[in-house]
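The values are calculated or read from the model by the stated rules, or taken from the named source; none is laboratory data. For clarity, every value in this text was computed on a predicted model and none was experimentally measured. For neighbour counting, all protein chains shown are included, and Cβ atoms are generated from backbone atoms with ideal geometry for every residue, glycine included. Quick note on the areas: whole protein, heavy atoms, side chains included, nothing else; ligands and nucleic acids left out. Shrake-Rupley method; radii C 1.70, N 1.55, O 1.52, S 1.80 Å.
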Amino acid sequence: MSKPESSQLALRYAIIAIVVGGLALLFYAVASGLGQRIVTAQEFVDYQEAGNPHLGFRRAHAKGFCIAGEFISSNHVGPYTTASVFNERSTPFVGRISTGGSNPTAPDLASSVRSLALSFNPGTRDAWNTAMNTPPVMPVRTPDAFFAQANAFAPDPETGERNPERIAEFLAAHPETQAAREWQASYTPTGSFATETYHSINAFFLVDDEGSKRAIRWSARPSSHTVPDSVIELDDDPNALRNELVARLENRPVMFDLIFTFANEDDDETDPTVFWGDDRTQRLAGVISIHSATTEAEGNCDGINFDPLILPRGMAATDDKILRARSAAYAESYRRRARENLFQAREGGSQ
Ligand code: HEM
């Protein structure tokens, strides 16, 4: 090959390399949101497993039991939504009461988060699943920040202790955690699942028959008929709170008022870190009446994915980024445990 021919060839290869390299960079930039990395559902669930998955169980809120009952609509919110659950007198539900954490045998009283999840009209266009927690707000507003927070608060694998410096650094960089921290400082867990208030935290839209949307959050508050204290003495049984609820149900249903809080004009429905106070318009949507509680083994809630994006006609998701992350992470957790259950690998838990 003559010299000019070889330098032409080298130039051609250089151009090909630049084009291919440029395309690869462009692809990476687009895939990673132009520099903004997005944490994946797999990463969330890997984090929750912490290298020690409890086979066959939910990767978060692993400890729980099934409930069943009916929702009795108040007819006060029917004008704001076409959802059948708020327009029919009564709708049965299956649900699950749980505590936070990934250990299915952890003592009920050890968890700082208690939860109520409900599923209405499964398998229809009017299906509605909701999972509510005791805190009224999220500490952060994006999935990435949530993941960063989880890592900042994770114990050091060597010492088993949390790293105060790492936590302080995270909190300094995330002033939006303030409302959650204030709530945490003021919260005292009650002696019963029946006397807690559970929150949707994220906002959703009600959609009326003309397609108009109104942003709301909801909370399940103990009905005024609820006996305020524990009905049995709580002992050190790991299922102490479940036993207490079962004892209540022997006498009468356990009831919660489902309250809708409507956004003010200034509220950003995509931001779950801001508390929506009682000064906003509130409506009683109806009464959640729990009639029975059974273990997961006996009940039929184990196969339910309480994905917050399973919404009926007449309700819609907001653009809150946490909602999408939740939906993806619940699906990943569901996929893993469904696969393990298929191969009958579920560990023996207390449930
Ligand atoms: C980015 C934020 C969040 C992530 C990554 C996350 C992740 C998860 C995962 C993986 C599960 C297990 C799902 C299953 O296997 O069925 C779960 C369950 C649950 N989550 Fe979250 N979650 C988040 C935020 C929230 C928020 C804001 C709430 C409260 C409104 C909440 C309430 C619940 C409840 C109540 C359950 C248990 C539902 C049941 O009984 O099956 N989560 N979460």
- Query: Which of the residues spanning region 196-245 are among the hydroxyl-bearing types (Ser, Thr, Tyr) and in contact with a strand residue (DSSP E or B) (Cβ under 7 Å, 6 or more places away or on another chain)?
  - Reply: 197, 198, 200, 219, 223, 226
- Mind telling me which of the residues 281, 294 ends up being within 16 Å of the ligand (Cβ to nearest atom), among the β-branched types (Val, Ile, Thr) and touching a strand residue (DSSP E or B) at 6+ places or on another chain (Cβ under 8 Å)? 294
- Query: Name the residues in region 174-207 that are surrounded by 13 or more Cβ atoms within 10 Å (Cβ to Cβ) and hydrophobic (A, V, I, L, M, F, W, C), would you?
  - Reply: 179, 180, 183, 193, 194, 201, 203, 204, 205, 206, 207
- Message: Checking the structure you have, find out if any residue of region 291-311 is under 17 Å from residue 194 (Cα atoms), open to solvent by 50 Å² or more (accessible area, probe 1.4 Å) and not polar (S, T, N, Q).
- Response: yes
- Hey, among the residues in region 121-147 that are more than 20 Å from residue 61 (Cα to Cα) and open to solvent by less than 40 Å² (accessible area, probe 1.4 Å), which one's farthest from the ligand (Cβ to nearest atom)? 126
- Query: For residue 123, which of the numbered conditions (1) under 17 Å from residue 99 (Cα atoms); (2) without any contact (Cβ under 8 Å) to a residue 40 or more places away in the chain fails to hold?
  - Reply: (1)
- Item | residue 324, sole failed condition from (1) open to solvent by 50 Å² or more (accessible area, probe 1.4 Å); (2) assigned to a loop (DSSP other than H, G, I, E, B) | (2)
- Answer with yes or no whether residue 265 is open to solvent by 50 Å² or more (accessible area, probe 1.4 Å), under 17 Å from residue 67 (Cα atoms), at pLDDT 95 or above and not aromatic (Phe, Trp, Tyr). no
- Out of region 55-75, which residues are under 21 Å from residue 110 (Cα atoms) and not basic (Lys, Arg)? 57, 60, 61, 62, 64, 65, 66
- Selection from region 116-166 of residues within 19 Å of the chain's Cα centre (by Cα), of a type in the set (Val, Ile, Thr) and closer than 22 Å to residue 206 by Cα yields 130, 137
- Quick check: is even one residue across region 132-147 part of a helix (DSSP H, G or I), among the aliphatic types (A, V, I, L, M) and farther than 30 Å from residue 311 by Cα? no
- Message: Against the condition among the small types (Gly, Ala, Ser), within 11 Å of the ligand (Cβ to nearest atom) and in a loop (DSSP other than H, G, I, E, B), how does residue 64 come out, does it pass?
- Response: no
- Task: Considering only residues that are crowded, with 19+ Cβ neighbours inside 10 Å and charged (D, E, K, R), look in region 38-69 and name the one that is farthest from residue 145 (Cα to Cα).
- Result: 63
- Does residue 116 meet the test of being in contact with a Leu (Cβ under 9 Å, 6 or more places away or on another chain), closer than 26 Å to residue 237 by Cα and outside any loop (DSSP other than H, G, I, E, B)? no
- Looking at region 163-180, is at least one residue closer than 26 Å to residue 306 by Cα and among the hydroxyl-bearing types (Ser, Thr, Tyr)? yes
- Message: Between 287, 254, 246, 274, which is farther than 30 Å from residue 53 by Cα, surrounded by fewer than 19 Cβ atoms within 10 Å (Cβ to Cβ) and away from the ligand (no atom under 13 Å from the Cβ)?
- Response: 274
- Message: Restricting to region 70-89, count the residues that are on the phi > 0 side of the Ramachandran plot and either within 13 Å of the ligand (Cβ to nearest atom) or buried (at least 21 other Cβ atoms within 10 Å of the Cβ) (or both).
- Response: 0
